[in-house]
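Student: Here it is, the structure, as structure tokens.
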Amino acid sequence: MSGSRMSPDYDIASPGAGELFESLRAFGYDLPTALADVIDNSITAGARNVWIDLQWAGRDSRILVRDDGRGMAEEDLRQAMKPGSLSPLADRAANDLGRFGLGMKTASISQCRCLTVLSKTKKSAPSLRRWDLDYIASTKTGEWRLLKRLDLLSASDHALLEGQKSGTVLFWDRLDALVGDASVDDDVAQKHFRERADAVKQHLAMVFHRFLKGRKAVNLHINGRQIEPWDPFMEDTGFTEPQVTENLACEGEQAEIKAFILPHHSRISADQHSAGAGPRGWNAHQGFYIYRNRRLLVAGDWLGLGMQKEEHFKLARIRIDLANSADLLWQIDVKKSRARPPAALRQDLLRIARATRSRASSIYRHRGKVIQRQLNDKETFLWTHLMKHGKSFYRINRDHPLVRKVLATSDDRAPVRALFNLIEQTIPAPLIVINNAEKPDTFSQPFEDSPAELRKAMEAVFDAMVEDGRERAEAARALLLMEPFNNHPELVSAFLDDVVRKVAAQKK
Ligand SMILES: Nc1ncnc2c1ncn2[C@@H]1O[C@H](COP(=O)(O)OP(=O)(O)O)[C@@H](O)[C@H]1O
Ligand SMILES: [Mg+2]
């Protein structure tokens, strides 16, 4: 240490660069969250396009993030490369997605051992800065040596910025976590690389969905393909039920809360339903969605309010909008993957969560009942639920048209009755409960993959009703309300069209 800095009052205790960088790597980012954090910077810098390239080349694989934002002049770049480039306590522009002055460095370094940033503005030539962890370790000085020679990058790397007036490129080299020492023709490693690229795409589609649409949309491109937004509230379907918007204030900060009841799968197409599941599945994505400056931080969580994620609440998704000035109050973390509501808001959030959950689960509970009430008779369901001496019991509905027909037309009813009884008594209810709890989304819907079988069942029930003396028109109406045909109105009406045609043909 130089003599001029010696003081009787203090020691200078700068951390060693190598050691601190190694610790900063362990913040807990993964590839998708790390990329989202650097894309925040691009968006804050006014980029209209961000190109993310994940280039497979075994141990020489790289990830590039290029934007056409305003870029950085040399001195700004030097400052931006410092860990803690801006204090988290500083006031930020209202649309700034940053907070801690760490993201670009910690996110990048969590994934690669060599981060190079090349940037230029409308007024300044490209400048370059690089943190190379292996180089820093090799100097054995502990110095924070930020490399800066332009020729650290190849001509083709430099060419990336030539076509634009301003912008920034991040180069992530030596991706030790993602590929390590894999060789180019290591198929397993390459497959893993591709899968991670796919996870990145899904994550970005979710985190930035509100930026990817509208007049001032930002275009995110991953390996040349544009990322389509994933809207957790499925407002495009037209079947989501938005609830009233509430504004909650706490310590001068506003939080806007809006709950949504998502459409039951019977109201939307199978494709829409599976898209709605999101990266983690329907069950996992229930709960609160916290946005900070429209950027998603938390994608479905009951926020420690003492509520569990349960199957029948999966249509409940609640949006919370915060400004970046609320960061401290809501305890935003560096990775921007966590936020905690202030204690003063817990009661209100609990109330909103309860109301939303109850509304969402009632869709499941009442769906059948509503239809049954409309029909006001006993033939809608094949199964009926009974309580006997406080115990649940499921019974095949003897009033169902097809059941009635089978009973009426068998010469000997005893074996049919015995069979029904056996089925009722041996339903593997405990097994169904367990399977449903473990893998709720793997249960198939009735006749999901066999429209032809569904059609046969429909015919049989319809014929039974007609043979029983029912008017065709009335039988048709009953069919439309009957489970499971009520979930397929399009198939029922196609079937009825056929019936009408046949009747007309017979009359001729
Ligand atoms: N793509 C970019 N374009 C322009 N400026 C950038 C870009 N990325 C980072 N910066 C600058 O570097 C600074 C530090 O970024 P970062 O480490 O992510 O911390 P924070 O975003 O919290 O400020 C930013 O505040 C910004 O000034
Ligand atoms: Mg940032």
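The values are calculated or read from the model by the stated rules, or taken from the named source; none is laboratory data. Bear in mind that the values here come from a model prediction, so they are computed numbers and not experimental data. Glycine also receives a Cβ, built like all others from the backbone with ideal geometry; neighbour counts cover every protein chain displayed. For accessibility, only protein heavy atoms count, side chains too; no ligands or nucleic acids. Shrake-Rupley method; radii C 1.70, N 1.55, O 1.52, S 1.80 Å.
Student: Which aspartates and glutamates have a Cα lying under 19 Å from the Cα of LYS314, excluding residues fewer than 8 positions away in the same chain?
Tutor: ASP231, GLU235, ASP236, GLU241, ASP271, ASP301, GLU438, ASP441
Student: With a 1.4 Å probe and all protein chains left in place, how much of the accessible area of the range 444-508 comes from carbon and sulfur atoms, in whole percent? Mind dumping the intermediate values first?
Tutor: On the way: 2130 of 4010 Å².
C and S atoms contribute 53 percent here.
Student: If you place +1 on the Cβ of every Lys and Arg and -1 on the Cβ of every Asp and Glu, how big does the dipole about the Cα centre of the chain come out, in debye to the nearest 20?
Tutor: So the dipole magnitude of the chain works out to roughly 1020 debye.
Student: Follow-up. Taking the 0 to 90 degree range and rounding to the nearest ten, how far is the long axis of helix 31-44 tilted relative to the main principal axis of the chain, both from C-alpha atoms?
Tutor: Taking the Cα atoms of the chain, the angle to 31-44 is about 70 degrees.
Student: If the reach is capped at under 19 angstrom between alpha carbons, list the lysines near LYS502, excluding any in the same chain fewer than eight residues apart.
Tutor: Once the sequence-local lysines are set aside, what remains near LYS502 is LYS456.
Student: Ok, one more. So, with a 1.4 angstrom probe, what is the percent of accessible area on the range 377-440 that is carbon and sulfur? It would help to have the intermediate numbers written out before the result.
Tutor: Working: 2830 of 4570 Å².
Solvent-exposed carbon and sulfur of the range 377-440 make up 62 percent of the total.
Student: Now, a different point. Step through the residues of the range 73-83 one at a time and calculate ³J(HN,Hα) from phi using the Karplus curve (6.51 cos²θ - 1.76 cosθ + 1.60, θ = phi - 60°), rounding each to whole Hz and writing x for Gly and Pro.
Tutor: Karplus-based 3J(HN,Hα) across the range 73-83 equals 6, 3, 5, 5, 5, 4, 5, 5, 6, 6, x Hz.
Student: At 1.4 Å probe radius, can you tell me the per residue accessible area of the chain in Å²? List each step's numbers first, then the result.
Tutor: Values: 26940 Å² over 508 residues.
In whole numbers, the chain has 53 Å² accessible per residue.
Student: May I ask for the angle, rounded to the nearest 10°, between helix 187-207 and the longest principal axis of the chain, with both axes built from Cα atoms and the value confined to 0 to 90°?
Tutor: 80 degrees
Student: Using Cα pairs closer than 8 Å and at least 6 residues apart in sequence, work out the relative contact order for the range 1-81, in percent. Don't skip to the end; give the middle numbers.
Tutor: Values: 47 pairs, mean separation 16.4, N = 81.
Here the relative contact order equals 20 percent.
Student: Taking a 1.4 Å probe, which of TYR394, TYR289 shows the most accessible area, and what order do the others take after it?
Tutor: Details: TYR394 95, TYR289 0 Å².
Sorted by accessible area, descending: TYR394, TYR289.
Student: What number comes out for the charge environment of LEU297, summing +1 per Lys or Arg and -1 per Asp or Glu over other residues with Cβ under 13 Å away? Show your work: numbers first, answer last.
Tutor: Values: positive: ARG99, ARG210, ARG292, ARG294, ARG295, ARG319, LYS335, LYS336, ARG338, ARG340; negative: ASP37, ASP40, ASP301, ASP321, ASP327, ASP333.
Around LEU297, the surrounding residues sum to +4.
Student: How many angstrom lie between the Cα centre of the range 101-116 and the Cα centre of the range 473-496?
Tutor: After rounding, the separation between the Cα centres reads 59 Å.
Student: Would you list which lysines come within 16 Å of LYS165, measuring only between C-alpha atoms, while excluding same-chain residues fewer than 8 positions from it?
Tutor: In chain and number order, the partners are LYS120, LYS122, LYS123.
Student: Excluding THR245 itself, calculate the net charge of residues whose Cβ lies under 11 Å from the Cβ of THR245, where each Lys or Arg counts +1 and each Asp or Glu counts -1. The partial results should precede the final answer.
Tutor: Working: positive: LYS258, ARG319; negative: GLU246, GLU256, ASP321.
It works out to a net charge of -1.
Student: When the solvent-accessible surface of protein heavy atoms is calculated with a 1.4 angstrom probe, in what order do THR33, THR245 fall, highest first?
Tutor: On the way: THR33 25, THR245 65 Å².
Ranking THR33, THR245 by accessible area, largest first, yields THR245, THR33.
Student: Ignoring ligands, DNA and RNA, how do SER493, SER361 rank by accessible area with a 1.4 Å probe, largest first?
Tutor: Values: SER493 55, SER361 10 Å².
Descending order: SER493, SER361.
Student: Could I ask something else about it? Multiply the residue gap between ILE432 and ASP497 by 0.36 nm, knock off their C-alpha separation, and tell me the result in nm, one decimal place. List each step's numbers first, then the result.
Tutor: Values: separation 65, 0.36 × 65 = 23.40 nm, distance 3.71 nm.
Here the answer is 19.7 nm.
Student: Report in % the part of the accessible area of the range 17-226 that belongs to carbon and sulfur, leaving out ligands and nucleic acids; probe 1.4 Å. Provide the component values of the computation, followed by the final result.
Tutor: On the way: 4970 of 9790 Å².
C and S fraction of accessible area: 51 percent.
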